[in-house]
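The values are calculated or read from the model by the stated rules, or taken from the named source; none is laboratory data. Remember, predicted model here, so these are calculated numbers, not experimental data. All Cβ positions, glycine included, derive from the backbone under ideal geometry; neighbour counts span all protein chains shown. Heads up: the accessible areas ignore ligands, DNA and RNA and are worked out on the full protein's heavy atoms, side chains in. Shrake-Rupley method; radii C 1.70, N 1.55, O 1.52, S 1.80 Å.
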Amino acid sequence: MTAVLAEQIGRADRPRCRVHRDAELQAWHELLASIEGNEWKRRTVCDEWDVADIAGHLIGQAEDVNRPLSFPRRYRKAKLVYPDVLRIDAHMMVQADEHRGTPPAELRVTFDRVWAKATQKISKNPELIRRVSMSIEGFEDFRLSLGYIQDILLARDLWMHRDDVCQALGRSFDPGPYAAEIVAQVMYDVIHGPFWGERSAVEVELTGPGGGTYQLGRGAPVGRAAVDAVSYMRTVSGRDDTPDVTGDAAAVEAVASCRMPF
């Protein structure tokens, strides 16, 4: 299979991002409805979070869309409560904290309610609002627009956390009908942002659902590697530092070592 140049993938447009987001919201509705009893307390790969905490964090994400002052309030609080944690991670921890202890039935209803409003608002936000940008601690020269955060990162967050919960519950993860498109956007970001850095060009075959073959880096590839697509998303996002990557040594090292904020 011919490798797709990751830098030429391009950004998914607003209508397509809405399709991705709404598909994930439906999958989450079904997942939350299926969780019972002590399953809510199962620990996840996300440090300090159980299944209920992930639901609380995602509710917080939607609240930050719906209420203009919610994000800056939590962002300021994050610095006070978690001064030694990366600010954006601390912000997410505050989201989970504020919903911890909420009864499961209320989590389900609140999730559906706030996200139904948020996905509509994201689709209708004026372009002027979408251009507002922020930097990420550790990557200060790389700015994220609100449009990118809401279109791309929120759908990605929903998708990846659904895998986190499925792992915690010992269930198989269905990446969904748009997995390949979500993964392709990650591969575009790996090379479009500062995350691939000075690594040599490589070809990587992502196998399984959501897979495809990509060239990361510029110039002639120094080798080829292969790894399961969903597993690689766990690695790039910092969830798994020991991915099962096979292939040429130089390519394996480059692929396995790359990380980016999810």
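General observations
- Contour minus Cα-Cα distance for Thr242 and Val19 (0.36 nm per residue): 77.0 nm
- Sorted on the mean count of surrounding Cβ atoms within 10 Å across their residues, most packed first, peptides 197-203, 42-48 read 197-203, 42-48.
- Summed over the residues of segment 44-157 and divided among them, the accessible surface reaches 51 Å² per residue at a probe radius of 1.4 Å.
- Kirkwood Rh in Å, taken over all unlike Cα pairs in segment 82-141: 14.4 Å
- Surface exposure of segment 175-262, expressed per residue as accessible area with a 1.4 Å probe, stands at 39 Å².
- Computed [θ] at 222 nm, deg cm²/dmol, the chain (DSSP H ≥ 4; -39,500 (n - 2.57); rounded to nearest 500): -16500 deg cm²/dmol
- Simple spin-label estimate for Val222 and Glu106 in nanometres, 7 Å along Cα-Cβ: 5.4 nm
- Note on Glu253/Lys124: beta-carbon distance plugged into 1/(1 + (r/R0)^6) with R0 of 41 Å gives a FRET efficiency of 0.35.
- The chain - percent of accessible surface contributed by carbon and sulfur, probe 1.4 Å: 53 percent
- Label corresponding to Rg and Dmax of the Cα atoms in Å when calculated from the structure given, among (1) 18.2, 55; (2) 18.0, 61; (3) 20.4, 62: (1)
- Summing Lys and Arg as +1 and Asp and Glu as -1 over all other residues whose Cβ lies under 9 Å from the Cβ of Ala96 gives a net charge of -3.
- Annotation: lysines with alpha-carbon distance below 29 angstrom to Lys124 (same-chain offsets under eight excluded): Lys77.
- Stretching Arg113 away from Arg42 to a fully extended chain increases their span by 23.1 nm, per 0.36 nm per residue minus the current alpha-carbon distance.
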